[in-house]
Amino acid sequence: MNPRTLPLLLLTLLLPLAARAAEDLVVADFEGESYGAWKVTGDAFGAAPAPGTLPGQMPVDGFNGKGLVNSFNKGDDATGSLTSPPFRIQRKYLAFLIGGGRNESRLTFQLWVDGKPVRSATGPNSQSGGSESLVQESWDVSEFDRRMAALRIVDDAQGGWGHLNVDHIVQTDRKPAGPRKDVTRTLKARRPYLQIPIKNGAPKRVLTLFVNGQRIVRNDVELAPGTPDWWAVMDIGAWKGKELVLQVDTLPVESQGLDLIYESSVPADQGPLYKEPLRGQIHFSPKRGWNNDPNGMVYYNGEYHLFFQHNPYGWGWGNMHWGHAVSRDLVHWKELGDVLLPDDFGPMFSGSAVVDWKNTSGLGKEGRPPMVLIYTAAGNPTVQCIASSTDGRNFTKYSGNPVLKQITDGNRDPKVMWHEPTQRWVMVLYVELPNRGHTIHFFTSPNLKDWTLASIADGLPKSNYLFECPDFFELPVDGTSDQRRWVLLGANSEYAIGTFDGTRFTPEQSRLPGHRGQGFYAPQTFSDIRAEDGRRIQIGWFQTETKGMSFNQSMTVPIELRLGSTASGPRMTFTPVRELEGLRARTFQADGRTLHAGDSNPFAKVRGDALELRADFEPGSAREVVFRVRGATVVYDVAKEELVVDGHKAPAPLREGRQAITIYADRTGLEVFASGGLTYVPKPFQPRAEDQSVEVDVKGGSAVFRTLRAYPLRSIWKGSR
Ligand code: FRU
């Protein structure tokens with residue numbers, strides 16, 4: 001043999017061997033229809049690998065292929081175990097993906113050798129919030145080379161994060177790069193803001209801020225590993241000059257998320273603020289992040305205050321803060337920073353605000369009555385707390401919090417009012433009782449700090465009463481002050497009408513329908529407007545999804561609530577507040593016109609981004625009166641006395657043979673009012689940007705319009721920052 005070919009021959013012989021030695025061995029990937037030879041006990045693991053997220057679970061990601069072990073089967077309370085058949089250890093490392101709850105004794109993934117557990121791992125989450133993302137981990141198992149072993153996955157935990165997820169168990173000679181844990185970065189606070197890179201849908205990381213070794217706030221952040229979709233803003237103005245420590249619980253090696261965070265003097269925006277393509281122009285929405293319920297609505301020192309459930313660090317729900325905006329006219333809002341941040345009592349859920357005119361709480365200063373916020377801290381236990389301010393800008397949480405202990409898990413959404421006849425405060429609180437279903441608890445207090453249970457309203461026998469976010473107020477019937485009724489309202493805007501003696505609510509009519517549309521929830525009314533003009537004004541959460549934006553959801557226009565008599569008794573009516581008229585940029589009118597089927601469109605020349613349309617008509621021989629605003633149709637079906645708003649039907653009775661319809665149209669939704677306010681139909685809707693038209697059309701006859709007007713509207717954000 002040619003001596004020079006010998007090394008080549010050896011190489012050809014040995015190469016496949018070397019390659020084989022490095023090849024990974026998959027122990028289990030949970031891709032099959034069953035667990036195969038793995039032994040299952042209990043309920044937690046189900047009969048087969050999970051196809052990803054299970055019902056009621058936050059989205060699970062970071063697993064391999066289609067299936068994984070997910071012990072959330074039947075929820076967090078189920079327990080059980082999963083044991084592998086024996087296998088031989090043949091590589092240096094055992095690598096796996098793991099997620100779910102963190103509990104070193106009850107949620108474990110274990111390696112057993114010689115009848116003993118020799119390695120153990122648990123999930124990453126120990127507090128509410130967190131992430132269902134699996135992370136890479138591995139054990140060095142070289143000391144057990146060639147030995148027989150087995151794996152056991154045990155879920156012996158119940159309650160929050162009482163489950164474990166495992167996938168892609170592999171024997172390998174190459175240690176996989178696991179994520180870095182509890183990575184910190186220290187910076188000196190020189191500027192007022194921190195910019196945090198967000199990628200919508202990225203795995204959530206727990207980002208904690210420490211100042212002087214003290215934990216200030218922790219948030220679950222969809223931290224962008226690279227180029228972000230948008231920048232969340234954290235106000236760090238209060239710690240100027242101090243050293244801040246930012247900590248991320250789990251950071252994949254390749255993620256630049258923590259390094260990308262930077263300080264700024266002015267918040268960064270994705271294009272010009274309030275001019276984004278899907279920014280509602282006549283509806284309030286937060287500058288950045290997510291909003292749900294309006295909170296703490298109160299009139300104080302000449303300003304309307306609108307607080308709201310806010311996630312400053314994500315496009316979806318989470319990290320509940322109270323955002324804050326103020327307005328002098330209910331229409332133009334200025335968003336200020338968040339006032340209530342999650343704390344050791346939990347995230348800041350919904351609640352209300354009052355002006356404590358008599359300083360019963362003692363939280364006033366130098367003759368200035370305090371504004372007091374009453375909110376739910378949704379930790380475990382879930383409790384009611386208060387915070388106060390004497391300038392409407394700076395808020396302090398009360399040192400004696402909580403003011404109301406947990407009754408049952410999930411009790412929430414305190415709405416408080418001053419009850420003049422009994423000279424004390426009344427709180428309505430949503431409480432679910434095991435044997436009575438949804439209830440509203442009534443409490444009273446002399447000082448907003450000490451609360452006593454006064455009564456419980458429910459739908460006995462267990463027939464689910466009004467659900468979460470209650471509101472409670474008194475209104476005159478037909479505006480006559482000697483005929484007053486109390487209204488108790490739930491989050492879906494259904495309501496009960498009755499009387500209230502300061503202790504107990506006695507309904508005359510219960511469960512009346514509220515709004516008749518879609519995407520309207522958790523409305524609240526302003527407290528303390530009575531000092532001005534006594535109107536009861538409501539704003540609801542308008543569920544207008546805005547994909548691709550750095551903000552999501554919005555609020556409805558402000559609506560005045562009244563009680564009006566009908567043949568079946570008093571009923572609530574919805575009227576958009578008169579302040580909205582100030583937004584009219586131009587008026588197009590066709591008052592007094594009779595429109596016949598086939599007539600030309602009286603509003604052919606009208607164009608508007610946001611629009612208001614008003615029509616008061618006698619339907620005459622018409623079968624339908626059709627309005628088309630920015631491509632959305634609002635049809636009045638005369639025979640059925642029914643409105644069809646972008647396909648959604650709602651009853652709209654004629655009143656003395658006439659119908660009056662008001663339509664507000666924006667980039668994100670429609671709000672339609674009819675039948676003297678008895679019918680309110682909110683409806684999220686996204687017009688095509690280029691369609692700014694308005695049309696009126698009569699079908700099957702003719703209708704006489706007393707009023708017929710279209711108003712292009714100005715943006716409420718003009719000049720806003
Ligand atoms: C209603 C609600 C409230 C709760 C809040 C949390 O939308 O579920 O009951 O306080 O949202 O964001």
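The values are calculated or read from the model by the stated rules, or taken from the named source; none is laboratory data. Here the structure is a predicted model, which is why all the values come from computation and not from measurement. Virtual Cβ from ideal backbone geometry, glycine too; neighbours counted across all protein chains shown. Protein only, heavy atoms only, side chains kept; ligands, DNA and RNA dropped before computing areas. Shrake-Rupley method; radii C 1.70, N 1.55, O 1.52, S 1.80 Å.
Only one entry in THR679, THR668 is of a type in the set (Val, Ile, Thr) and more than 22 Å from GLN281 (Cβ to Cβ), namely THR679.
Filtering the range 277-303 to residues that are of a type in the set (Phe, Trp, Tyr) and either within 21 Å of the chain's Cα centre (by Cα) or on the phi > 0 side of the Ramachandran plot (or both) leaves PHE284, TRP290.
Selection of the range 173-194 for residues being crowded, with 20+ Cβ neighbours inside 10 Å and not in a loop (DSSP other than H, G, I, E, B) yields TYR193, LEU194. Within the range 106-118, the set of residues being open to solvent by 10 Å² or more (accessible area, probe 1.4 Å) and either in contact (Cβ under 8 Å) with a residue 12 or more places away in the chain or in contact with a Pro (Cβ under 7 Å, 6 or more places away or on another chain) (or both) comprises ARG106, GLN110, TRP112, ASP114, PRO117, VAL118.
Elements of the type strands (runs of 3 or more DSSP E) sitting completely within the range 480-559 and holding at least 2 residues that are small (Gly, Ala, Ser): these cover 495-500.
For the range 379-406, name all the residues that are within 14 Å of the ligand (Cβ to nearest atom) and either among the charged types (D, E, K, R) or buried (at least 20 other Cβ atoms within 10 Å of the Cβ) (or both). Of everything in the range 379-406, those that are within 14 Å of the ligand (Cβ to nearest atom) and either among the charged types (D, E, K, R) or buried (at least 20 other Cβ atoms within 10 Å of the Cβ) (or both) turn out to be THR382, VAL383, GLN384, CYS385. Of the strands (runs of 3 or more DSSP E) lying entirely inside the range 241-352, the ones with 3 or more residues being in contact (Cβ under 8 Å) with a residue 60 or more places away in the chain are found at 243-251, 262-264, 289-300, 303-311, 334-340. Inspect the range 470-492 for any residue being out of contact with any Pro (no Cβ under 6 Å at 6 or more places or on another chain), open to solvent by less than 20 Å² (accessible area, probe 1.4 Å) and on the phi > 0 side of the Ramachandran plot and give the result as yes or no. Among the residues of the range 470-492, not one is out of contact with any Pro (no Cβ under 6 Å at 6 or more places or on another chain), open to solvent by less than 20 Å² (accessible area, probe 1.4 Å) and on the phi > 0 side of the Ramachandran plot, which makes the answer no. In the set (1) charged (D, E, K, R); (2) open to solvent by 30 Å² or more (accessible area, probe 1.4 Å); (3) more than 18 Å from GLN90 (Cα to Cα), the condition left unmet by GLU132 is number (2).
Any idea which residue in the range 407-450 is farthest from the ligand (Cβ to nearest atom), counting only those that are of a type in the set (A, V, I, L, M), closer than 18 Å to GLY351 by Cβ and open to solvent by 10 Å² or more (accessible area, probe 1.4 Å)?
Within the range 407-450, the match that is farthest from the ligand (Cβ to nearest atom) is MET417.
Of the numbered criteria (1) open to solvent by less than 20 Å² (accessible area, probe 1.4 Å); (2) free of Cβ contacts under 8 Å to residues at least 12 places away in the same chain, the one THR376 fails is (2). Filtered by the rule that a residue be of a type outside the set (A, V, I, L, M) and either buried (at least 24 other Cβ atoms within 10 Å of the Cβ) or in contact with a His (Cβ under 7 Å, 6 or more places away or on another chain) (or both), the range 294-303 gives PRO294, ASN295, GLY296. For the range 60-89, a tally of residues being surrounded by 15 or more Cβ atoms within 10 Å (Cβ to Cβ) and in contact with a Lys or Arg (Cβ under 9 Å, 6 or more places away or on another chain) returns 6.
Counting only strands (runs of 3 or more DSSP E) wholly contained in the range 665-721, the ones carrying 1 or more residues that are open to solvent by 30 Å² or more (accessible area, probe 1.4 Å) and hydrophobic (A, V, I, L, M, F, W, C) occupy 702-713.
Quickly run through the range 26-59 and pick out the residues that are among the small types (Gly, Ala, Ser) and loosely packed, with under 15 Cβ neighbours inside 10 Å.
Correct list: GLY32, SER34, GLY36, ALA37, ALA47, GLY56.
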